[in-house]
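Bear in mind these aren't lab numbers, they're just calculated from the coordinates by the rules spelled out. The shown structure was predicted, so the numbers you read here are calculated from the model rather than taken from an experiment. Virtual Cβ from ideal backbone geometry, glycine too; neighbours counted across all protein chains shown.
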Amino acid sequence: MAAFFCGYLSGISVLSNMKKRNGLFITFEGIDGCGKSTQAKKAFSLLKKEGYPVVLLREPGGTPVSEKIRKILLDRNLDINPEAELLLYEAARAQITAKKILPVLESNGIVICDRYYDSTIAYQGYGRKLDINFINRLNRVASYYTTPDITFVFDVNYQTSLSRRNKTPDRLEKEKQAFFNRVRKGFKELAGKRRIILLNGKKDIETLSEQVLTVVQKAVAGKKIKLAG
Ligand code: TYD
């Protein structure tokens, strides 16, 4: 009970110190090889071409500190225990959120992020079987209580995901099929949330891109994002 109230009160103090976030925050999610990065880049290029103030980021990464953490997380020669892995993802997230994401959202810009905290729920929660309530709490802290406005989840099965990977597998990609099946299930269960749009990642790039851009353009208009200028 006491812990609950401490958490509740610290949440209130964070929220009361928050600047207004009028921007638009869009995230792209799914298992490795699902095609999300291609779609994130396409959405970014279109909005940029149209003159909107937009940045494209990726997680883990996006700042000097977060990129260093990324190197550790993806190093196939390191044996990282699940709790340490979780905290490293959250540390990288706190840094990119404070340094890159919030300043753009506070100045009415658009952030497109290739993965964000739903990946932690799917990979560390469903994949590594860590406690989801605890992950949700860490996600709130590391995101400074920021929630994406729209999240696209690209759903593909393990075989499709494998067939699209051509490089030497990194530490996460080395995981077995059962791990990725759990992660995929996690993403699909998350897709029950209103902000999340589940797409069939097996569809061709252009069809998917049309679906994504229709939603994105509606959201840009809805948020009244002004052209950069
Ligand atoms: P990356 O090479 O960026 O993969 P992808 O191109 O598929 O996004 O590596 C990021 C890896 O980190 C990927 O396997 C997913 C994993 N990950 C987590 O396990 N938890 C997280 O919170 C995040 C953001 C990523």
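A few remarks follow.
- Residue 201 meets each of the listed conditions (1) buried (at least 17 other Cβ atoms within 10 Å of the Cβ); (2) touching a helix residue (DSSP H, G or I) at 6+ places or on another chain (Cβ under 6 Å) apart from (2).
- Looking only at region 199-214, and only at residues there that are in contact with a Phe, Trp or Tyr (Cβ under 8 Å, 6 or more places away or on another chain) and assigned to a helix (DSSP H, G or I), the one that is nearest to residue 120 (Cα to Cα): 212
- Extreme residue, nearest to residue 176 (Cα to Cα), among residues of region 122-134 that are more than 9 Å from the ligand (Cβ to nearest atom) and not basic (Lys, Arg): 126
- Of all residues in region 60-95 being in a loop (DSSP other than H, G, I, E, B) and acidic (Asp, Glu), the one that is nearest to residue 130 (Cα to Cα): 79
- Hey, residue 98 small (Gly, Ala, Ser), farther than 26 Å from residue 169 by Cα and within 13 Å of the chain's Cα centre (by Cα) or not: no
- Meets criteria (in contact with an Asp or Glu (Cβ under 7 Å, 6 or more places away or on another chain) and more than 27 Å from residue 79 (Cα to Cα)) for residue 198: yes
- Those residues of region 89-121 which are among the aliphatic types (A, V, I, L, M), out of contact with any strand residue (DSSP E or B) (no Cβ under 8 Å at 6 or more places or on another chain) and away from the ligand (no atom under 13 Å from the Cβ), in sequence order: 98, 102
- Candidates 153, 183: the one that is in contact with a Phe, Trp or Tyr (Cβ under 6 Å, 6 or more places away or on another chain) and closer than 25 Å to residue 68 by Cα is 183.
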